Amino acid sequence: MQELLKKTAAELSQMLKNKEVSSTELLDLTFKRIEEKDGTIGAYNSLTKDIAYETAKSVDEKLKNGDNLPKLAGIPLALKDNMNMKSSYTTASSKILAGFKSPYDATVAKKLRENFVPVIGKANMDEFAMGSSNENSATKIVTNPWNVKKVPGGSSGGSAAAVAGFEATLSLGSDTGGSIRLPASFCGVYGLKPTYGRVSRYGLIAFASSLDQIGPFARCAEDIALTMEVISGYDNHDSTSLNIEVPEYSKLMKTDIKGLKIGIIKELMGEGLAPDVKAAIEKSIQTYKDLGAEIVEISMPHLKYSIGVYYIIATAEASSNLARYDGVRYGYRAEGAKSLIEMYTKTRAEGFGDEVKRRIMLGTYALSSGYYDAYYKKAQQMRALIKQDFDKAFEKVDMLLSCTCPNTAFDIGSKVDNPLEMYLTDIGTITINLAGIPALSIPCGLDSEGMPIGLQLIAPVLKEDTLLKSAYNYEQATKCNELVERIF
Ligand code: GLN
């Protein structure tokens, strides 16, 4: 029975329809696996068993009555702990939100409910999604299911580790500068950052609002497509969501890629790239050639500024978004303050971790009247140039390709004392958020230590179908989706 956990969401959906398994049985198996594994992996901050079993019961009832099931009904899914779901603890892995229970559903949670997808728990993460290794979580450490000495990547480390560790079939994460793609790459699974506005952010705890986007994790391309069909779409609660029809990605992806023009980003293939990662990416390029794609080299002259630009814009927006945690409205309140102001400051001093404080200070500084022009305004101007680099590239090619990260998962503790070095792991991913375009990380091999390597596919606005089609063809040719089964 345990072997069922290896199956994809698409396969399990079919099995549910054929009455070969029930949704309740799937949950039993998943929770048993969590009980066995999560003591070491630490992917979950909390479990939502009651909510999950209630959903599974409705699914089984529907199956018994011969009713049609919506897509992904009955498939166990984990939500990153920065997405509100009514009656669930939602902490963003921060002490300042300890004990906070959501009074409402985020739009993604509502869509999952409407599609009868059982949400099994809230996944651990870097505090307020700030980090690349999950080491900034105030709750507990997340380990990489491939090697417990290594980080799972961040900030959606719990969401990635849950799927890689077979503790969930699917999960959702959020990606502001790579937080879906980086952990997907470190854990050997698939992770998609959709186009900005494709998935509603209503009910997602805001980090940097002009960059944040929700997206799925899975163990194959088709499951990413199916999850996107469930969570995408216009939402009148989120004015940045796009009122454009959601395509049937899972159908569109099953066509060949002959003649597809793929650009290789020159600046991400040189200095700083680990030799094993470089070799794996070069092999992937060859696979795409064999599949009939045309390969060209593309230069992105402003890419080198993207880390600086991102860490100004993201911290500036975060300093404003995090002003709301004041000890009055949500979660934690410090004891023993003698005035209102002291209560605010004590609550924030005790409630936020070091990285969050560092970002609030950086962001406040960048926005201050004396420095606004020098930092924030300059960063916005540079953001426009970075976006232009992509516009120009997409005049020549249909898709871009790079590593997701220049290195594979590193040892826990090896970068925590050096925030700048940690920020550099984001070089391949953050540019995408600055441009608002979609990108998908897929597994493409293992390094000499046996850790997964991620390949990043990047497309123009709303061309998620190109990414999925390319991932699907690559998967058919290489069976890269089966790599993760080694750690079952
Ligand atoms: N690692 C980046 C950061 O720390 C990205 C985080 C994210 O995408 N949420 O800001």
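Results, tabulated for the structure shown:
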read-out: Selection of GluC sites (Glu not before Pro), region 239-345, meeting DSSP coil and at most 10 other Cβ within 10 Å; value: Glu245, Glu271, Glu335
read-out: Formal net charge of residues neighbouring Glu3 (Cβ-Cβ distance under 12 Å; K, R +1; D, E -1); value: +1
read-out: Lysine pairs meeting the criterion (Cα under 29 Å, 8 or more apart or interchain), as found in region 361-488; value: 15
read-out: Residue-averaged [θ]222 nm for the chain, counting only DSSP H segments that reach four residues, each worth -39500 (n - 2.57); value: -11500 deg cm²/dmol
read-out: Region 127-200 shape via C-alpha gyration tensor axes, a/c threshold 1.5; value: oblate
read-out: Long-range Cα-Cα pairs in region 171-312 (distance over 17 Å), rounded percent; value: 71 percent
read-out: The chain - share of DSSP beta bridges that are antiparallel (%, nearest 5); value: 65 percent
read-out: Gain upon complete extension [Lys140, Tyr371; 0.36 nm per residue less C-alpha separation]; value: 79.5 nm
read-out: Shape call, region 1-114: gyration tensor on alpha carbons, a/c limit 1.5; value: oblate
read-out: Aspartates and glutamates whose Cα lies under 17 Å from that of Lys95, excluding same-chain neighbours fewer than 8 positions away; value: Asp81, Asp126, Glu127, Glu135, Asp326, Glu335, Glu350, Asp354, Glu355
read-out: Euclidean distance of C-alpha centroids, region 348-401 and region 186-239, integer Å; value: 21 Å
read-out: Size of region 65-111 as Cα extents on the principal axes (Å, biggest first); value: 46, 17, 16
read-out: Surface/4 of the Cα convex hull for region 276-342, nm²; value: 9.6 nm²
read-out: Simple label model, 7 Å out from Cα along Cβ direction - Asn418 to Ile487, nm; value: 2.4 nm
read-out: Overall form of region 409-485 per C-alpha gyration tensor (a/c, 1.5; a/b vs b/c); value: oblate
read-out: Largest-first principal axis extents, alpha carbons of the chain, Å; value: 64, 52, 45
read-out: Mean projection area, nm², convex hull over Cα of region 240-321; value: 8.9 nm²
read-out: Column: log10 I(q)/I(0), Debye, Cα scatterers of region 371-463, q = 0.12 Å⁻¹; value: -0.51
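Every number here is computed from the coordinates shown, using simple stated rules; none is lab data. Here the structure is a predicted model, which is why all the values come from computation and not from measurement. Counting neighbours? That spans all protein chains shown, and the Cβs are built from the backbone with ideal geometry, glycine included.
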